[in-house]
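Here the structure is laid out as structure tokens; the discussion comes afterwards.
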Amino acid sequence: MSRIKRGTTTHRRHKRMLKRAKGFRGRRHTNFRLAKMAVMKAGTNAYRDRRLKKRTFRRLWIARINAALAKEGIQYSRFISAMTKKDIKINRKLLCELAIHHENIFKEIVALAKKQG
């Protein structure tokens, strides 16, 4: 039985890992051991930050809506409460876009939420 050399398998595995580390600084894109650790850490950060991104954007939208509502003389919490009571279902992302790009429509929504009824 002939001897099996696995250099090709290892080489392929190393190449795949180094390809994923392309663009990293220093020896992290050329040295397999460092590249492997860097790629694993990058993957961990990417997984975590995909979830964090949703929270971060929600905070941004709320801050922008709050700033637009300050001009209208109403607090964010009171506005959201009024929208819930009036059964106006517009998400924060859309409200933020309306506040920035379509101020007149946003003012109508605020007026609708403020109305006593």
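Remarks
- Charge dipole (Cα centre; +1 on Lys/Arg Cβ, -1 on Asp/Glu Cβ; no other charges) of the chain amounts to roughly 1580 debye.
- Helix axis angle, 103-114 relative to the chain longest principal axis, alpha carbon, degrees: 60 degrees
- Net charge of Cβ neighbours under 12 Å - reference R6; Lys, Arg +1; Asp, Glu -1: +4
- Projecting the Cα atoms of I88, M17, L98 onto the charge dipole of region 7-114, computed from C-beta unit charges around the Cα centre, puts M17 farthest toward the positive end.
- Folded to 0 to 90 degrees: helix 32-72 orientation relative to the chain principal axis, Cα: 10 degrees
- Here the Karplus relation 6.51 cos²θ - 1.76 cosθ + 1.60, evaluated at θ = phi - 60°, turns the backbone of region 7-15 into coupling constants of x, 5, 5, 5, 4, 5, 5, 5, 4 Hz, with x for every Gly and Pro.
- Likely footprinting exposure, L94, L18, fewest C-beta neighbours within 10 Å first: L94, L18
- The smallest convex shape that holds all Cα atoms of the chain, its convex hull, gives 173 Å³ per residue.
- Set K54/K107; K19/K93; K22/K93; K19/K53; K15/K93 screened for pairs whose C-alpha atoms are more than 31 Å apart: K19/K93; K22/K93; K15/K93
- Percent RCO, i.e. relative contact order, over the chain, from Cα pairs under 8 Å lying at least 6 residues apart: 17 percent
- Note on the chain: helix-only mean residue ellipticity at 222 nm, from DSSP H runs of 4+ residues weighted -39500 (n - 2.57) and normalised by residue number, equals -25000 deg cm²/dmol.
Every number in this text was worked out from the coordinates using simple rules, so none of it is lab data. Just so you know, these numbers come straight off a predicted model, no measurement behind them. So basically every Cβ, Gly included, is an ideal-geometry build from the backbone, and we count neighbours across all protein chains shown.
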